[in-house]
């Protein structure tokens, strides 16, 4: 047999062996995808990824070996084009198989989730969470100062922004209501046992030319600086008579809807908090109480807004609204009637009852984003901005099956995780161990979910749950604090035990929602006490709060992860 025949025989056997190897690889990979579709578990996904990686590296190793033994020119021989075509066709078939399998598995998972929704009588679409419209003359959110926020013309998506307001004068006035509350040195919180430093604010207003330098006391200068906002506050007080609050958000846009009122409400809350404290310092408790009631009204105007972050903002505003209550109790500024009125405002609040609905709304918004991505990927009409750039091309390549799987995973996270109720509104309890159990439902999903969605949901699960519990605890402590002060006004001293307050000063005694036991109460003297919850770490530290949290911008916020959640009543400043 001549050398030419030998080489041809070797090439033929090599070609046959490669074809068999490719066929076996495709069969093996198809089996892996079938296995993964039947057992969609973290193990299944990991096994498939490892197996495909091994096949890919094995192919690279085979090609490298042949190139080393025969040279690069050996690969350019025309007689091997059919083999190359087979390999390319096999890879193309593998990609098609992958997309088809993932789409089939995703639609199957989403169909199962929809059947489960129907069985529970639930709907997870935007129409199910959009609040009903109300008449403008009965809507607090449609008072002119706030309605102007939604009177804008939409402009094309781009660097110029998303909206252009028609009433720029009102908008500029609202946007000017911004204080550096988050900057280091300005923020003081009762959660850390701190009084608002009116001298710092006096210096701030004088430095920024808001008020002239005078020899007056700080509270007077602060009130003069804030006097220019009085027309807005009076307008909001007039609108407070309206029974409903429904901001005209374009809810049909889902997460992409403009919500300009959030920042404005937060800024208004800052101003009212500062003004109420200054009114107390000027010995005007009735004026301070009016500002407290208005700040609480602004916070509760978000109560029915379908968004987890709207509820988070509402709680931040409630915590800040309690600052003048705490300072007025510390300085014995409130009368018995005013304390009873504070209790009337706080007693109906059951923030834990808003926890599951807030989560449900946020899950619906995430699911709707999936629908918009699916429509954009299929080049159907969708409200998502499209610019024809690389992002659109990547979106077209993203498997639609992964989005269906993400949507099913989001629903099951809510159904099996959130509905387990880490926060029980009936028993007024927080169950910290259940948070880890809920987080486990985020363990398996597509890469996009793992990178973009899961970290956000985990942060919301941890920080959001704690914030609901902290705010409800603060409201409960304020109720007890007011009852204790009412007792002191009548008897001249604080009681030995909080049980003495029932039923004259409290209809019932709130308990610690973390452990279900009574709130810890220590009377330190006839004129001071400490009232606290054991806090997020479930450890009684004797009424010692954790250190304030400082972020990378040196902004301070009250601690909640460590230490007790404390309502300190000092004998004096």
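Applying the set (1) part of a helix (DSSP H, G or I); (2) in contact with a helix residue (DSSP H, G or I) (Cβ under 8 Å, 6 or more places away or on another chain); (3) farther than 30 Å from residue 124 by Cβ; (4) modelled with pLDDT of 90 or more to residue 317 leaves exactly one unmet item: (3).
Okay, residues lined up against (1) at pLDDT 85 or above; (2) exposed (fewer than 13 other Cβ atoms within 10 Å of the Cβ); (3) more than 24 Å from the chain's Cα centre (by Cα); (4) under 22 Å from residue 422 (Cα atoms):
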{"position": "535", "(1), (2), (3), (4)": "yes, no, no, yes"}
{"position": "540", "(1), (2), (3), (4)": "yes, no, yes, yes"}
{"position": "543", "(1), (2), (3), (4)": "no, no, yes, no"}
{"position": "549", "(1), (2), (3), (4)": "no, no, no, no"}
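When residue 560 is tested against the conditions (1) at pLDDT below 85; (2) under 19 Å from residue 330 (Cβ atoms); (3) touching a helix residue (DSSP H, G or I) at 6+ places or on another chain (Cβ under 6 Å), the lone failure is (2). Residue selection: residue 541 satisfies the criterion of being farther than 25 Å from residue 350 by Cβ and part of a loop (DSSP other than H, G, I, E, B). Where helices (runs of 4 or more DSSP H) fall wholly inside region 396-477, the ranges with 3 or more residues that are out of contact with any helix residue (DSSP H, G or I) (no Cβ under 8 Å at 6 or more places or on another chain) are 454-459. Among the residues of region 294-310, at least one is assigned by TED's automatic domain parsing to the domain that holds residue 221, within 27 Å of the chain's Cα centre (by Cα), surrounded by fewer than 18 Cβ atoms within 10 Å (Cβ to Cβ) and not in a helix (DSSP H, G or I).
Sort through 236, 174 and tell me the only one that's modelled with pLDDT under 90, buried (at least 18 other Cβ atoms within 10 Å of the Cβ) and within 26 Å of residue 260 (Cα to Cα).
On the way: 236 fails: modelled with pLDDT under 90.
Within the list 236, 174, the selection yields 174.
The values are calculated or read from the model by the stated rules, or taken from the named source; none is laboratory data. Keep in mind that what you see is a predicted model, and the values were worked out from it rather than measured. All Cβ positions, glycine included, derive from the backbone under ideal geometry; neighbour counts span all protein chains shown.
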